[in-house]
Amino acid sequence: GADVISYNLRINAFAQRGQREKAFGVVQEMNNAMIRSNKYTYDFLITACEEAERFDEGIQTFNTMINSGIRMDVVSFTKHIKFHKERGDWRAALRTFSHMLQSSVRANDVSYKTLISVCSIIPQGAANAATAVFLEMQMSAIRPDVTAYNTLISACAQEHWTRALRAYRQMQDDEVPPNVVTYNALLS
């Protein structure tokens with residue numbers, strides 16, 4: 001009989017091809033065969049939702065994962081944060097980041113950059129929020145790269161041109177070379 005790994009391989013294959021319904025169908029087969037889903041099962045389903053841009057379903061899948069007692073890692077939490085951003089729900093994204101830290105999951109550079117990006121959709125206070133997250137990232141001993149700076153500059157440029165320029169100057173001081181995206185963010 002099939003085991004969880006063979007089911008997960010099928011789910012992943014469907015997820016990679018954007019065949020969300022078939023991926024969820026395999027989970028139904030697993031349930032019928034009394035094979036328990038694991039973290040990878042959920043990660044692959046979440047990828048299927050991401051590929052299909054079905055963020056509401058992705059969030060439901062995250063909630064099912066959490067309720068089933070499966071421990072989420074930084075990659076799972078970061079995707080969850082991204083899904084909330086895609087739905088325009090910055091409050092839920094911030095709560096998810098907080099939940100991640102409370103779950104003793106350490107944020108990494110990708111989760112911080114995702115959260116800085118979330119700050120850009122906050123109606124008032126985007127620049128302050130993005131700057132605070134950026135500083136928290138630095139205090140966590142994560143060295144910001146060009147993508148982190150670009151995300152910060154973009155979030156600041158919408159609200160405070162001077163804050164965006166300050167971030168650009170800090171980027172130069174930290175000897176992080178700008179790229180085309182940097183200049184586009186400054187010109188936006």
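Ligands, DNA and RNA are left out, and with a 1.4 angstrom probe the accessible area of segment 103-149 is 44 Å² per residue. The shape of segment 91-181 comes out oblate: with a ≥ b ≥ c from the C-alpha gyration tensor, a/c is at least 1.5 while a/b does not beat b/c. From the alpha carbon centroid of segment 140-185 to that of segment 1-29 is 40 Å. Dipole size of the chain about its Cα centre, with +1 on Lys/Arg Cβ and -1 on Asp/Glu Cβ: approximately 220 debye, rounded to the nearest 20.
For the chain, what does the alpha-carbon gyration tensor say about shape, rounded, prolate or oblate, given a ≥ b ≥ c as the root eigenvalues, a/c under 1.5 as rounded, and a/b over b/c as prolate? It comes out prolate by the Cα gyration axes.
Classify segment 10-96 as rounded, prolate or oblate, taking a ≥ b ≥ c as the square roots of the eigenvalues of its Cα gyration tensor: rounded when a/c is under 1.5, otherwise prolate if a/b is larger than b/c and oblate if not.
oblate
The 3J(HN,Hα) values that the Karplus relation (6.51, -1.76, 1.60; θ = phi - 60°) gives for segment 86-101 are, in residue order, 4, 8, x, 9, 5, 5, 5, 5, 5, 4, 5, 4, 4, 4, 4, 5 Hz. Gly and Pro appear as x.
Let's see if you can work this out: charge +1 on each Lys and Arg Cβ, -1 on each Asp and Glu Cβ, no other charges. What is the dipole magnitude of segment 1-105 about its Cα centre, in debye to the nearest 20? List each step's numbers first, then the result.
Details: 14 positive and 12 negative charges, 40 e Å.
Roughly 200 debye, rounded to the nearest 20.
Karplus-based coupling profile of segment 125-142, in residue order and whole Hz: x, 4, 5, 5, 5, 4, 5, 4, 5, 4, 5, 4, 4, 5, 5, 7, 6, 9, with θ = phi - 60° in 6.51 cos²θ - 1.76 cosθ + 1.60 and x standing for Gly or Pro.
In this simple spin-label model, placing a label point 7 Å from the Cα along the Cα-to-Cβ direction at both A2 and L101 gives a separation of 4.2 nm. Pairs of lysine residues in the chain that meet both criteria, 8 or more places apart or on different chains and Cα atoms under 23 Å apart, total 8. Spin-label model, E51/N67: points 7 Å from Cα along the beta carbon direction are separated by 2.6 nm. Share of carbon and sulfur in the accessible area of the chain stands at 52%, probe radius 1.4 Å. What percent does the relative contact order of the chain come to when contacts are Cα pairs within less than 8 Å and at least six residues apart? Relative contact order for the chain comes out at 13 percent. Karplus-based coupling profile of segment 159-166, in residue order and whole Hz: 10, 9, 4, 5, 5, 5, 5, 4, with θ = phi - 60° in 6.51 cos²θ - 1.76 cosθ + 1.60 and x standing for Gly or Pro. From a point 7 Å beyond the Cα of N38 in the direction of its Cβ, which residues of segment 105-124 have a backbone N at a distance under 13 Å? Those under the cut-off are none; the list is empty.
Based on protein heavy atoms only, segment 1-98 ends up with 54 Å² per residue of surface accessible to a 1.4 Å probe.
Gain on full extension, evaluated as 0.36 nm per residue between L187 and R91 minus their Cα-Cα distance, stands at 31.8 nm.
The values are calculated or read from the model by the stated rules, or taken from the named source; none is laboratory data. The structure presented is a predicted model; accordingly, all values stated were derived computationally and were not measured. Glycine also receives a Cβ, built like all others from the backbone with ideal geometry; neighbour counts cover every protein chain displayed. Note: accessible area is taken over every heavy atom of the protein model, side chains too, but ligands, DNA and RNA are not part of it. Shrake-Rupley method; radii C 1.70, N 1.55, O 1.52, S 1.80 Å.
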